[in-house]
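What follows is a single structure, written as structure tokens, with notes after it.
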Amino acid sequence: MTETTLQARAKVNLTLDVIERLKDGYHRVEMVLHRLDLADRVRITVGGGKGLIRVESDSPLVPEGRVNIAYRAAQLIRDKYGMDRSITVSIEKNIPVAAGLGGGSADAAAVIEGLSMLLGLDLDTAGMMRLGTLLGADVPFCFMTGPALAQGKGEVLTPIPSGVVLDLLLVKPDFPVSTAWAYNNLKLSSITKRPDNAGMVSALAKGDKERIASGMVNVLEGVTALRFPEILRIKEQMMERGALGAVMSGSGPTVVGLFRDNNSALSAAEYFGKSYREVITTKTVT
């Protein structure tokens, strides 16, 4: 086999709490993450020896070269296993870029999984997750198949048994948000409301949509929405149009609304589609 295509699924933060700033500049976090059926399609092709790594995409917003985490994933595999074969990564971009939805991390995870198959490495999930940690704290979660409680820097993952499927609406405003900027501007002493992560874990396990909705809290909203108040307006408009709850995902700017069913989400999407280019109805996967 010289080529394979994988789905790289987006993620959303149902909660996000920042506990403390660590000495290395990173932060200790605790958050509940979920996978979506929204996904990039990542085609990985392996060629002859002593070749180059190349990343290409149908989106001009996807960077090329070492700045792309998918490129670094391919380089990591080549370096670790002493291989120099050419690798081409082609990304069909469906996940909005710089949106707080983990699209880059998902693409990197797909590259690790694809190269494991194509190069006969036979890595198990734990092995792929360990490699993912070397690229970024968000990457290991991309190898999971359902929701999880993420702790540490985000790489300590505890699966959450849950069979409930959540109907979601994603609205991404037309501006990017830097994750580093959001964390660097967070003042821990100014946080007034933190998520109840134990309660969210319980609500997911029981399939209680009302409780899930009421528990959607992200402490980074106070940073991002202060600079971009449009985020709060989108949240308010989602609630006015039937959302059970709404929260900013990651460092933003995407706002995630939880709806009672798909028809309710589609109705709200029609409204937001008049004002925003990136409006997506999606579901969680378990």
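Residues in the stretch 170-200 that are of a type in the set (Val, Ile, Thr) and in contact (Cβ under 8 Å) with a residue 40 or more places away in the chain were compared, and the one that is most open to solvent (accessible area, probe 1.4 Å) is Thr179.
Flag set for Gly120, criterion: over 29 Å from Arg21 (Cα atoms), small (Gly, Ala, Ser) and outside any helix (DSSP H, G or I).
Looking at the stretch 1-23, which of the residues that are open to solvent by 70 Å² or more (accessible area, probe 1.4 Å) and in contact with a strand residue (DSSP E or B) (Cβ under 6 Å, 6 or more places away or on another chain) is nearest to Asp37 (Cα to Cα)?
Checked the stretch 1-23; the qualifying residue nearest to Asp37 (Cα to Cα) is Gln7.
Annotation: Ala137 fulfils all but one of (1) in contact (Cβ under 8 Å) with a residue 60 or more places away in the chain; (2) of a type in the set (A, V, I, L, M, F, W, C); (3) open to solvent by less than 10 Å² (accessible area, probe 1.4 Å); the unmet one is (3).
Suppose the filter is acidic (Asp, Glu), surrounded by fewer than 16 Cβ atoms within 10 Å (Cβ to Cβ) and under 28 Å from Val156 (Cα atoms); does Asp79 pass it? Can you show your working first?
On the way: acidic (Asp, Glu): yes; surrounded by fewer than 16 Cβ atoms within 10 Å (Cβ to Cβ): yes; under 28 Å from Val156 (Cα atoms): yes.
Spelling it out, Asp79 is indeed acidic (Asp, Glu), surrounded by fewer than 16 Cβ atoms within 10 Å (Cβ to Cβ) and under 28 Å from Val156 (Cα atoms).
Step by step: first the residues of the stretch 212-240, then only those that are polar (S, T, N, Q) and crowded, with 17+ Cβ neighbours inside 10 Å, then the one that is nearest to the chain's Cα centre (by Cα). Which residue is that? The qualifying residue nearest to the chain's Cα centre (by Cα) is Asn218.
Looking at Ala243, Ala203, Ala268, which is the one that is open to solvent by less than 40 Å² (accessible area, probe 1.4 Å) and free of Cβ contacts under 8 Å to residues at least 24 places away in the same chain?
Numbers: Ala243 fails: free of Cβ contacts under 8 Å to residues at least 24 places away in the same chain; Ala268 fails: free of Cβ contacts under 8 Å to residues at least 24 places away in the same chain.
When all the criteria are applied, what remains is Ala203.
Considering only strands (runs of 3 or more DSSP E) fully contained in the stretch 1-105, which possess at least 1 residues that are closer than 28 Å to Asn218 by Cα? Explain how you work it out, then say what you get.
Details: elements: 3-13, 15-21, 27-46, 53-57, 87-92.
The strands (runs of 3 or more DSSP E) meeting that bar are 3-13, 15-21, 27-46.
Quick check on the stretch 151-160. Is at least one of its residues small (Gly, Ala, Ser) and at negative phi?
Initial filter on the stretch 151-160 (small (Gly, Ala, Ser)): 152, 154.
Now drop any that are not at negative phi, which leaves none.
Scanning the stretch 151-160, I find no residue that is small (Gly, Ala, Ser) and at negative phi, so the answer is no.
Taking the numbered list (1) more than 30 Å from Met128 (Cβ to Cβ); (2) touching a Leu at 6+ places or on another chain (Cβ under 8 Å); (3) open to solvent by 30 Å² or more (accessible area, probe 1.4 Å) in turn, Lys153 passes all entries but (1).
The values are calculated or read from the model by the stated rules, or taken from the named source; none is laboratory data. In this text, all values refer to a predicted model and were calculated from it rather than measured experimentally. As a convention, Cβ positions derive from the backbone with ideal geometry for all residues, glycine included, and neighbour counts pool all protein chains shown. Areas reflect the complete protein model, heavy atoms only, side chains present, ligands, DNA and RNA absent. Shrake-Rupley method; radii C 1.70, N 1.55, O 1.52, S 1.80 Å.
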